[in-house]
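The block underneath contains the structure these notes are about, expressed in C-alpha cells.
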Amino acid sequence: MVFIVDHFFMATDMYKRLPIESNDMYLYLDTTNEPTTAVVDDYVRAIIAHTTSVPGAIIGIGGGSVMDVAKAVAVVLTNGGSAQDYQGWNLVKSPAAYKIGIPTIAGTGSEVSRTTVLTGTHKKQGINSDYSLFNQIVLDPELLATVPTLQRFYTGMDCYIHCVEAISGTFLNEFSKAFAQQALKLCDNVFLDGGSNADLMVASYMGGCSIVYSEVGVCHALSYGISYAFKVHHGLANCLVFNHLDEYYPEYVSQFKVMLKQNNITLPSHLFGTIDDATMEKMIDMTLLMEKPLHNALGANWKTEFTRDVIRLLYNKITEQPL
Ligand SMILES: [Fe+2]
C-alpha cells in the first residue's frame, strides 16, 4: 500500500490511525502550492525504487491536491512516461493502479471526478480519463473538523461553481441536473443556513458526480490561468473569477455575493501585480485549451463568441489591471 497524505497531518496522529504494515509506503505531500507533474513523477520514481510490482493500492488522504496526486500517480505507474504525457482528454491508454480517495477537505469533487488537475512546466491542465477515477472512496465528515474557515469556504465554493456550471451548460442531462440541483441545495444550506460538514461532504460528492456527467464552464476555463500565473489555489482562483461572471451566470453570481457577505469573506485584492503581455497571452492560451468546458458553457460555436479579446478583457477585470 502507498499512502499519500497531506502534510497538514504531520502534526497529528494520522500515522498511528492507519493500518500501515512494514512494506507499505507512507508519503507526505506538501500542499502549499498546487500539485505539479514533477511531483507526480517524483512519487512514481520513489515507488518504482521501492517495489518491482504495482502496489496493492494508492491511498490519497487529504484535500483536492492529494486526491489529484494519488490519482495521477496511479495512472503514471501503469502507463509509464511522465504525468505531462496525459494532460488532456482521454490520453491514458491502460487501467491505472487501484486507488482509494479519503478526502479531508470538501468541495473539489476530486474524490469522484475523472479530472486530475496538475500544473506542468508549460500549462495547468487536467488528466481527464475514465482511468483516473478512484476505485473506492471513504467519506468521513469528522475529517473536515480541522479545516480552516477560509479554506472551507473557498473549497466549498468550488463545489457550488461546479454545480452552477453543470446546470447552466449545454451538456446538461438528467443525471447531471439531479446531482447539481441537490448539491446546490446543500451548498445553500451550508453557506447560508449553518449546514454541517456532512452536508458539505455530500455536496462535494454530488457536485463531482454532476460534472462527471457533464462539464465545468467559463469560470474553470478562466481560473486555471489565474492559478498558473499567480500560484493561487483552485478554490480561491474560482472565487476571484466567479465574482466577475455576472454576464454568464447572473443569478448564481448574485447568490455567491450573498454567501460571501453572510460568511464575512472579503476576497483578497492584493494578489495581482501588473500582468506582462507574455503572461497574459499564456493565460489566454490556457483558457482556450479548455475546449470542452467552453463548448459546454457557450455552445458549439463558442470560438466565435469567446475570442482572445473577450478573454483578455475578463482577465483585466478580474486582476484589476490599470487601463
Ligand atoms: Fe473545480
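The values are calculated or read from the model by the stated rules, or taken from the named source; none is laboratory data. Please read all numbers here as calculations on a predicted model, not as lab measurements. Positions of Cβ are generated from backbone atoms using ideal geometry, with glycine treated the same way; all protein chains shown enter the neighbour counts. For the accessible areas, the whole protein counts, side chains as well, though only heavy atoms, and no ligand, DNA or RNA atoms are used. Shrake-Rupley method; radii C 1.70, N 1.55, O 1.52, S 1.80 Å.
Data overview
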| read-out | value |
| --- | --- |
| Residue tally, condition under 18 Å from Asp285 (Cβ atoms), near the ligand (Cβ under 10 Å from one of its atoms) and of a type outside the set (Ser, Thr, Tyr), over segment 220-236 | 1 |
| Residues being surrounded by 11 or more Cβ atoms within 10 Å (Cβ to Cβ), of a type in the set (A, V, I, L, M) and farther than 20 Å from Leu172 by Cα - total across segment 267-309 | 9 |
| Evaluation of Leu139 against (1) buried (at least 20 other Cβ atoms within 10 Å of the Cβ); (2) in contact with an Asp or Glu (Cβ under 8 Å, 6 or more places away or on another chain) (one fails), failing number | (1) |
| Matching residues, segment 255-266, being open to solvent by 10 Å² or more (accessible area, probe 1.4 Å) and either within 22 Å of Pro293 (Cβ to Cβ) or among the acidic types (Asp, Glu) (or both) | Gln255 |
| Residues being surrounded by fewer than 16 Cβ atoms within 10 Å (Cβ to Cβ), over 22 Å from Gln151 (Cα atoms) and touching a residue at least 60 places away in the same chain (Cβ under 8 Å) - total across segment 167-202 | 1 |
| Residue ID - nearest to the ligand (Cβ to nearest atom), chosen from residues in segment 66-105 that are charged (D, E, K, R) and not in a loop (DSSP other than H, G, I, E, B) | Asp68 |
| Condition met for Thr146 (surrounded by 17 or more Cβ atoms within 10 Å (Cβ to Cβ) and modelled with pLDDT under 95) | no |
| Residue check, Val164 within 16 Å of the ligand (Cβ to nearest atom), open to solvent by less than 30 Å² (accessible area, probe 1.4 Å) and modelled with pLDDT of 95 or more | yes |
| Any pair with Cβ under 9 angstrom, 6 or more apart, that starts in segment 45-65 at a residue that is more than 16 Å from the ligand (Cβ to nearest atom) and ends at one that is among the acidic types (Asp, Glu) and part of a helix (DSSP H, G or I) | Gly60/Asp68 |
| Residue among Tyr205, Tyr213 that alone is touching a residue at least 12 places away in the same chain (Cβ under 8 Å), under 18 Å from Lys292 (Cβ atoms), away from the ligand (no atom under 12 Å from the Cβ) and open to solvent by 10 Å² or more (accessible area, probe 1.4 Å) | Tyr213 |
| Enumeration of residues in segment 106-127 that are without any contact (Cβ under 8 Å) to a residue 60 or more places away in the chain and either part of a loop (DSSP other than H, G, I, E, B) or surrounded by fewer than 22 Cβ atoms within 10 Å (Cβ to Cβ) (or both) | His122 |
